[in-house]
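Working notes for the structure below.
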Amino acid sequence: MEELAKKLLKELKKNLEKIRVQAIGSAKIQKSHNMKQESKKQGETAIESAKKALSSSSQTLEGAVKGQFGKKVTEAFEKQQQTLDKLSS
């Protein structure tokens, strides 16, 4: 009878340890998912901020810098804008 009780207690402890490990794993997965979502959100915010700054700089320089150099600067900014658009999609 005592052996049966010991065996059942051992099995119960084993099952409790499995449940504990599963609970910790689930919590870690949820935390990882939340961190991934937050990181994605911060990245999108940074890209939008960069796009706005680039657009503003491009418009300012386009009016201030004339000639071939101005055209090259505008083209470079347009390429950067396209790169940011690709990153945000």
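The values are calculated or read from the model by the stated rules, or taken from the named source; none is laboratory data. Everything numeric here is computed off the predicted structure, so don't read it as measured data. With ideal geometry, Cβ positions are generated from the backbone for all residues, glycine too; neighbour counts draw on all protein chains shown. Note: accessible area is taken over every heavy atom of the protein model, side chains too, but ligands, DNA and RNA are not part of it. Shrake-Rupley method; radii C 1.70, N 1.55, O 1.52, S 1.80 Å.
Residues to consider are K51, K40; find the one that is in a helix (DSSP H, G or I) and either open to solvent by less than 70 Å² (accessible area, probe 1.4 Å) or in contact (Cβ under 8 Å) with a residue 12 or more places away in the chain (or both).
Matching residue, one of K51, K40: K51.
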Filtered residue count, segment 54-78, keeping only those that are loosely packed, with under 10 Cβ neighbours inside 10 Å and in a helix (DSSP H, G or I)
4
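Taking the condition at pLDDT 90 or above, out of contact with any helix residue (DSSP H, G or I) (no Cβ under 7 Å at 6 or more places or on another chain) and over 25 Å from S89 (Cβ atoms), does E3 pass?
Spelling it out, E3 is indeed at pLDDT 90 or above, out of contact with any helix residue (DSSP H, G or I) (no Cβ under 7 Å at 6 or more places or on another chain) and over 25 Å from S89 (Cβ atoms).
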Is one or more of the residues making up segment 15-29 at pLDDT 90 or above and acidic (D, E)?
yes
